[in-house]
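Chemist: Have a look at this one before I ask anything.
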Amino acid sequence: MPGARLIPVATVLARREELDSDKDLIFVCAVGQRSALACEMAAAVGLTRLYNLEGGTDGWAKAGHDLER
């Protein structure tokens, strides 16, 4: 997705300082399962402006939106 930053789900807690608490954060993966887990992990450390892209990049692309590769 344009402007996205890669933070693998296994590193979310270790890299939590990279998650901006002053902005909306949208978690994305291929189909939405790993990003849902990452979203829950971010919530567990106190972040609140969190969203999970349901359907992931697969759903995003099927809806006709742009992807960066």
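The values are calculated or read from the model by the stated rules, or taken from the named source; none is laboratory data. Just so it is clear, the model here is predicted, and its values are computed rather than measured. So basically every Cβ, Gly included, is an ideal-geometry build from the backbone, and we count neighbours across all protein chains shown. Note: areas computed on protein heavy atoms with side chains; ligands, DNA, RNA excluded. Shrake-Rupley method; radii C 1.70, N 1.55, O 1.52, S 1.80 Å.
Chemist: How many residues are in contact with a Ser or Thr (Cβ under 7 Å, 6 or more places away or on another chain) and either β-branched (Val, Ile, Thr) or modelled with pLDDT under 95 (or both) if we restrict to the range 7-28? Spell out how you get there, then give the answer.
Modeler: Looking only at the range 7-28, we keep the residues that are in contact with a Ser or Thr (Cβ under 7 Å, 6 or more places away or on another chain), and these are 27-28.
From what's left, either β-branched (Val, Ile, Thr) or modelled with pLDDT under 95 (or both): 28.
Total meeting the criteria: 1.
Chemist: Here is a list: Ser35, Ser21. Which entry is farther than 23 Å from Gly59 by Cα and touching a residue at least 12 places away in the same chain (Cβ under 8 Å)?
Modeler: On the way: Ser35 fails: farther than 23 Å from Gly59 by Cα.
When all the criteria are applied, what remains is Ser21.
Chemist: Moving on. In the range 1-56, how many are touching a helix residue (DSSP H, G or I) at 6+ places or on another chain (Cβ under 6 Å), within 17 Å of Glu68 (Cα to Cα) and open to solvent by 50 Å² or more (accessible area, probe 1.4 Å)?
Modeler: Count: 2.
Chemist: Considering only the range 40-69, state which residues are part of a helix (DSSP H, G or I) and under 15 Å from Arg5 (Cβ atoms).
Modeler: To start, the set of residues in the range 40-69 that are part of a helix (DSSP H, G or I) comprises 40-44, 56-62.
Correct list: Ala42, Thr57.
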